[in-house]
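Novice: Before we start, here is the structure in question, set down as structure tokens.
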Amino acid sequence: MFLSIKKVPKTHWSSSRPFNLKPRFSTLFFLCFGLSLFGLGEGLLIVSFAGASPWTVLAQGIYLNVGFSVGIITILISVGVLIFWIPLKQRAGIGTILNALIIGLMIDVCIKFVPTPENYVSQLLLAIVAVLTVGLGGGIYLVANLGAGPRDGLMVGLQQKTKLPIAAVRAFLEITVMSIGWYLGGTVGVGTLLFAFGIGPAVALGLFLVDKTFNS
């Protein structure tokens, strides 16, 4: 079952190492494709108006207590997460840089062109699609092995240390972050809960599908 996956699979288009400045075209293609899906999913969650992602809730909660802008706090959180990479022995790559650029661009495109559903049921359905899209995109770009984003790198590093399934590690991270943000005053919606509890299994499903598609 995909929920038991404990490592990021390798395919013929995976890079041999994260720090690779001259990846094959196929590797770079799947990296960008996966990140585009990831950003699309993040954008759909925002458009759904069903609730922000757990990390945004955390940024909002800190903002209410510190006073810096949510954007600045988000950057600081990312820097803080990258510091945790050091003891976890995670390495950055061009994927780490493209993570911020492509995901941010796709979020803006999604917000501009995708309308918010008018009824609540449609908003919830869109939020579910958003979580699944983020999971699939995450699975594809992680398999490229060109460097993860801050949160995904933390997930992979903790999984390697604990040997727990990826779904469990990611769910633990998201639920913890959401809980801290909520305690600090951040707003938690149904979409936030869907993301917190669903993103772990969704990423594991994405990895499973990539593995079965290219290694079967």
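The values are calculated or read from the model by the stated rules, or taken from the named source; none is laboratory data. Keep in mind the model is a prediction, meaning the values are calculated, not measured. Heads up, the Cβs are rebuilt from the backbone with ideal geometry, glycines too, and the neighbour counts pull from every protein chain shown.
Novice: Taking the range 27-43, which residues are within 16 Å of G139 (Cβ to Cβ) and of a type outside the set (A, V, I, L, M, F, W, C)? Please lay out each step first, then the result.
Specialist: Here is the first cut: in the range 27-43, the residues within 16 Å of G139 (Cβ to Cβ) are 27, 29-42.
Hits for the range 27-43 are T27, G34, S36, G39, G41, E42.
To keep it simple, each residue is scored yes or no on (1) β-branched (V, I, T); (2) part of a loop (DSSP other than H, G, I, E, B); (3) within 14 Å of the chain's Cα centre (by Cα).
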position	(1), (2), (3)
F19	no, yes, no
F30	no, no, no
L37	no, no, yes
G51	no, yes, no
V57	yes, no, no
L76	no, no, no
I86	yes, no, no
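Novice: Please enumerate the residues belonging to the range 190-216 that are surrounded by fewer than 18 Cβ atoms within 10 Å (Cβ to Cβ), in contact (Cβ under 8 Å) with a residue 12 or more places away in the chain and either over 16 Å from V8 (Cα atoms) or charged (D, E, K, R) (or both).
Specialist: V190, L193, F197
Novice: Being over 13 Å from the mean Cα position of the chain (by Cα) and buried (at least 16 other Cβ atoms within 10 Å of the Cβ) is true for just one of A130, A171, A92, A167. Which residue is that? Walk me through it before giving the result.
Specialist: Values: A130 fails: over 13 Å from the mean Cα position of the chain (by Cα); A171 fails: over 13 Å from the mean Cα position of the chain (by Cα); A167 fails: over 13 Å from the mean Cα position of the chain (by Cα).
The match here is A92.
Novice: Looking at A148, is it aliphatic (A, V, I, L, M) and closer than 17 Å to L40 by Cβ? Show your work before the answer.
Specialist: Details: aliphatic (A, V, I, L, M): yes; closer than 17 Å to L40 by Cβ: no.
Answer is no for this residue.
Novice: Please name all residue pairs, on different chains or six or more residues apart, with Cβ atoms under 7 Å, provided the first residue is in the range 153-181 and is under 15 Å from V203 (Cβ atoms) and polar (S, T, N, Q) and the second residue is buried (at least 16 other Cβ atoms within 10 Å of the Cβ) and at pLDDT 95 or above.
Specialist: Matching pairs, first to second residue: Q159/I166; Q159/V169.
Yes/no matrix, rows are residues, columns are (1) surrounded by 17 or more Cβ atoms within 10 Å (Cβ to Cβ); (2) in contact with a His (Cβ under 6 Å, 6 or more places away or on another chain); (3) at pLDDT 95 or above:
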position	(1), (2), (3)
N65	no, no, no
L76	no, no, no
G80	no, no, no
I103	yes, no, no
E118	no, no, no
V143	yes, no, yes
